[in-house]
Amino acid sequence: MTRRFQNIIIGAGHNGLACAAYLSRAGQSVLVLEASDVIGGAARNRDLAPGVTVSPGAHLLHAMPADLMRELNLSEHDLSLAATDLNTVSLAVNGEAITFDGDTVTGSAVSDADKAAYVRFNKDMHRFTKALGPALEKLAPEIAIETWKQRLDLMGLGWSIRKLGRYHMREFLRIIGMNFYDLLDEYFENPQMKAAIAMDALWGGEWGARSMGSVLTYLYRMAGYARNGDVGIAQPKGGMGAVSAAIAKAAKAAGTDIRTGARVKQILVENDHAVGVELETGERIEADRVISNADPKQTFMKLVSPDHLDTGFVRQIKNLRARGKAGKLHLVLSSAPKFKGVDTVNLGSRMIIAPTMDEIELAFNPSKYKKYPTAPVLEIIMPSVNDESIASDGRHLLSAVVQYLPYDDTPDEEANRTAFLETVLDQLERYAPDIRKQIIEAELLTPRDIEREFGMTGGHWHHVELVFETFLFNRPIPALSRHTSPITDLYLCGAGCHPGGNVMGIAGRNAAQLILKGGK
Amino acid sequence: MKQYDAVIIGAGHNGLVAAGYLQRSGLKVLVLERNDHIGGATTSISRYEDFTYSNCSYVCSLFRQEIARSLELYKYGLQVIPYAGGAQIIKNDDGSYDAMGTYWHDDANRRDLERFSKRDTNAYDRLNRDIIRQCKFIKPLLMRTPADPTSFKPRDLMELLYLGKRFYGLGKEQMHETMRFYTMSVADYLNEYLENDALKSYLAGGATVGTALGVYSPGTAYILLHHAMGDLDGNVGAWGFARGGMGAISKALNDSFLAAGGHVRLNAGVSNFTVEHGKVKGMQLENGETVKADLVVSGMDVRRTFNAIDANELPQWVVDRAKNFRFRGSSGKVNIALDGLPSFYGIPKDSPCMTGDLHISQSMDELELAYDDWKAGRWSQDPYLDMLIPSLVDPTMTPQGKHWMSVFIQYCPYKLAEGDWNEDRKNAFGNHIIDRISQFSPDFKEKVLHMEIRTPKDIEDETGLTEGNIFQGELTMDQLMFNRPIPGYAQYRTPISGLYMCGSSTHPGGGVMGAPGANAAREVLLDLGKRMVP
């Protein structure tokens, strides 16, 4: 007779673990079931080569709230940051790199007007982020106005926008629906600078800079910086897996049980109540409630039998957009690479390859037709520069987000991946001419590979696209926006919930707090 | 010099609507028009022998019925003839052709659709139901002044309350649907309902008209409303031709205005406004003449309007907003005089489908690729073409037995990557369109007698629409409702006292609706303490 748990959490991603930690600390019994052999979900580590540790999913930490890290004592659970406040360097073929350091932009091609505009831009965006920020930490407000609480929640959101003052509220309401391409055109002249800023709205998403709603995704990212305790873009020591490991330790210390290699086949539902799970091995584990860290599509289209759901609900879930467009490139290098215009001090920065906003669009275009870009845009980091534990023997690790890859389910997938790896290396070579000679090991993950490795539908980082129709009270759909579901005692705690993706942990924390309050 | 109570700049349809209402409400109104003809982009013009073209806007549906009735346009000769169908020509994989017809008669429509997809036939009804639902939500807002969401004035609060009430009246599920509808791409939206490529591209193409967005761009789904929001004599969703071309609308408006005692002066372009102490005092014309007026209503787009004011008279942020208001020329037009009716593959010659809109885009990917061309600064290789032969239902426009065809082209950039527009490039563009049509019409080329090629640059030069944007500014979320044209000045007023705007740059936007003109007139009269007649 196995022990009966109050909570089963499906998936040991950072949100699932955070949820477990909060529940356990409140005295609840929690069992976390993880399908793969390692914990961490998209914030995990694995060996790329002997002695080289890679973070194959997310590779930087920039959105986790400082108070969450404090509450879970993550520093006591061995989480430390190898580097904080990374600069962003936009690479140029001619070596005229542009460096972003806080409010300061440096680069020979950047005009004084643009430098001043950048300060103004940051100030404006911070202002808007502040208005939006609180709503991204609490439970999503409900769109209903039936009770006073619901009304007050909505009015609170309205008031935080009204508080901006008349001029800035108008500006907020104007730009929020805008595309980033046009907004950046209003502020800046330098095309390379615009492109580097633009990408921060686009990493992981499905669309290009000209797509409506890209200002919203930028503010969403900025809100992460605003709450992470001034560490800016940070690199955890030992890789992103260290973040999940620390949360797991916190959870275990509070009593959570974690089982890896335990793939859930289905969520058991009786009389519209979730009563436990059945594993692929046939083992059935019962619990008072089930909390899914899997994305909404998996949860409701694979793990729950459609017999238990309304057709309208199933249709809404089916129509959720989860078309991942971001891939990952990992290179083990024999020595530190030399990027044009980047000195050794800046080699540990975040380096962007995105020459102009129009070239971003050109990279984006083919992905609409399930094709690969010819000049991909990249976010490159060299984790081994800031953290020697990443690669031994003087070798280096290059980790890059490769934006705008199709979800390739064609029979030519293998060949396409091999061919595209060459395309990416060609692109890198333009900025680091000697890099090919330094490569010991290369790996490219397409969105489909990411789906295979991490389990998220469509390989989409944020589980569900971050856009207006799946934002706040609509994330992922209104019926699921506050972690509860049409099935009693089945909860969601992943990135598909409000507030959304990035290694943040808020969805896990909110779900736990809601459950502790009685699930309403 | 004769003094007028109000001067309207521009005899476009919105200017004439505003003029008509103001004149009937007891003001003495003068309309100044830069061109030697009235109508702006709502014109009928002869460019070749006895052929008359609707050379800019070419079909009628969105024009507000209440305006047509108030200004007695039917009495002044306006007749709108609904078209009986339309067709999507399909090129099969084996090289053969077929056409999916759409018909005014629902049963005929279903019968033809069923040939392609039984499933879609039912889904299409569901789709139309859902779109009409959205129409019902939005339609009453067209003739209302948008509330300023930052204002605590009773009037704005009441209007916001009205909006909120309507929104919450939709019910929880429909509120979500509405939010989705306004923010998603038309491709995603249609994919949720339909499976057949021909039907999807037939519908999706229409959602890119006049905008610099592609079918995969978020925020295009709601443009489907344009196909359902209009009505002709109470026939919801009907589209039609004004007899005598679109100029017939301007003509009826003009005649109605003149009959009420108004005056119109042609060849009287305004070069700048005279402003003293924040109040408008009149304007200087391009010929050097000055016209005095304390009340001016500008039908020009927002950028032109503010460009005609000394920047020192305006707050800097207003100048910036006007500068940043987005006009994106993305549409071209070719008007073709034909020596007889051309035949199209897949459509019988006497089919009622021929009297409506003909389309040849084969898939949504093809439509999106057309947009990629625009982004790169070229005209689309396989553009979305909206082809109509108005002379089939309106014989007044061509000599006996001849026809004219209006071809609307999406996309055609205002600026080409290779350089400015010139005669050679313009002709290459026109010929490209003819070649493209010829792929679907074997005898088309031999029937072409004349063609008038209109790039966004030409449209700008002739009508004054900045960058040739047919809506006087993109209809994207950041430029709609209380954001149109400038947040804080979305109620037809400007920072200059006595200066108003009535063009399509204002709410609810373009599409030969007349609503901006009527709304502006209402606001002017409100400030004068007068009631709008009728």
- Note on the structure: The residue from A:Ala83, A:Ala92, A:Ala97, A:Ala113 that alone is under 27 Å from A:Ala400 (Cα atoms) and in contact with an Asp or Glu (Cβ under 9 Å, 6 or more places away or on another chain) is A:Ala83
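One line per residue, one yes/no per condition, for (1) in contact with a strand residue (DSSP E or B) (Cβ under 7 Å, 6 or more places away or on another chain); (2) assigned to a loop (DSSP other than H, G, I, E, B); (3) touching a residue at least 60 places away in the same chain (Cβ under 8 Å):
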residue	(1), (2), (3)
B:Lys323	no, no, no
B:Arg326	no, yes, yes
B:Gly329	no, yes, yes
B:Gly332	yes, no, yes
B:Leu341	yes, yes, yes
B:Asp350	no, yes, no
B:Leu358	yes, no, yes
B:Ser361	yes, yes, yes
B:Leu367	yes, no, yes
- Item | Of all residues in the range B:188-215 being surrounded by fewer than 24 Cβ atoms within 10 Å (Cβ to Cβ) and within 9 Å of chain A (Cβ to nearest Cβ), the one that is nearest to B:Ala99 (Cα to Cα) | B:Asn191
- Task: Could you please let me know if B:Ser380 is hydroxyl-bearing (Ser, Thr, Tyr), buried (at least 22 other Cβ atoms within 10 Å of the Cβ) and not in a strand (DSSP E or B)?
- Result: yes
- Message: Can you tell me how many residues within the range A:163-182 are surrounded by fewer than 16 Cβ atoms within 10 Å (Cβ to Cβ) and either small (Gly, Ala, Ser) or at the interface with chain B (Cβ under 8 Å from one of its Cβ atoms) (or both)?
- Response: 3
- Note on the structure: Condition set part of a helix (DSSP H, G or I) and not charged (D, E, K, R), scope the range A:342-359, selection nearest to A:Ala195 (Cα to Cα): answer is A:Met357
- Checked the range A:432-485 for anything among the small types (Gly, Ala, Ser) and either surrounded by 21 or more Cβ atoms within 10 Å (Cβ to Cβ) or not in a helix (DSSP H, G or I) (or both); matches are A:Ala432, A:Ala442, A:Gly455, A:Gly458, A:Gly459, A:Ser481, A:Ser485
- Task: Spot the failing condition for A:Thr147; the list is (1) within 12 Å of chain B (Cβ to nearest Cβ); (2) out of contact with any strand residue (DSSP E or B) (no Cβ under 9 Å at 6 or more places or on another chain), and only one is missed.
- Result: (1)
- Query: If you go through the range A:94-108 one residue at a time, how many are small (Gly, Ala, Ser) and on the phi < 0 side of the Ramachandran plot?
  - Reply: 2
- Taking the range B:237-252, which residues are more than 13 Å from B:Gln79 (Cα to Cα) and touching a helix residue (DSSP H, G or I) at 6+ places or on another chain (Cβ under 7 Å)? B:Gly237
- Task: Determine which single condition B:Gly101 fails, assuming it passes every other condition in (1) crowded, with 22+ Cβ neighbours inside 10 Å; (2) farther than 23 Å from B:Ile409 by Cα.
- Result: (2)
- Query: Inside the range A:473-487, can you point out the residues that are in contact with a strand residue (DSSP E or B) (Cβ under 8 Å, 6 or more places away or on another chain) and either among the hydroxyl-bearing types (Ser, Thr, Tyr) or not assigned by TED's automatic domain parsing to the domain that holds A:Arg509 (or both)?
  - Reply: A:Thr484, A:Ser485
- Query: Which of the residues belonging to the range B:100-148 are out of contact with any Phe, Trp or Tyr (no Cβ under 8 Å at 6 or more places or on another chain), without any contact (Cβ under 8 Å) to a residue 60 or more places away in the chain and among the polar types (S, T, N, Q)?
  - Reply: B:Thr121, B:Asn122
- For the range B:388-408, pairs from a residue that is closer than 16 Å to B:Thr43 by Cβ to a residue that is in a helix (DSSP H, G or I) and hydroxyl-bearing (Ser, Thr, Tyr), with Cβ under 8 Å and 6 or more apart or across chains, are B:Met397/B:Ser391; B:Trp404/B:Ser391
- Message: Every residue in the range B:1-34 that is assigned to a strand (DSSP E or B), closer than 12 Å to B:Leu295 by Cβ and either among the β-branched types (Val, Ile, Thr) or under 19 Å from the mean Cα position of the chain (by Cα) (or both), please.
- Response: B:Val7, B:Ile8, B:Ile9, B:Val29
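The values are calculated or read from the model by the stated rules, or taken from the named source; none is laboratory data. Because the structure is predicted, anything quoted here is derived from the model rather than measured. All Cβ positions, even for glycine, are placed from backbone atoms using ideal geometry, and neighbour counts span all protein chains on display.
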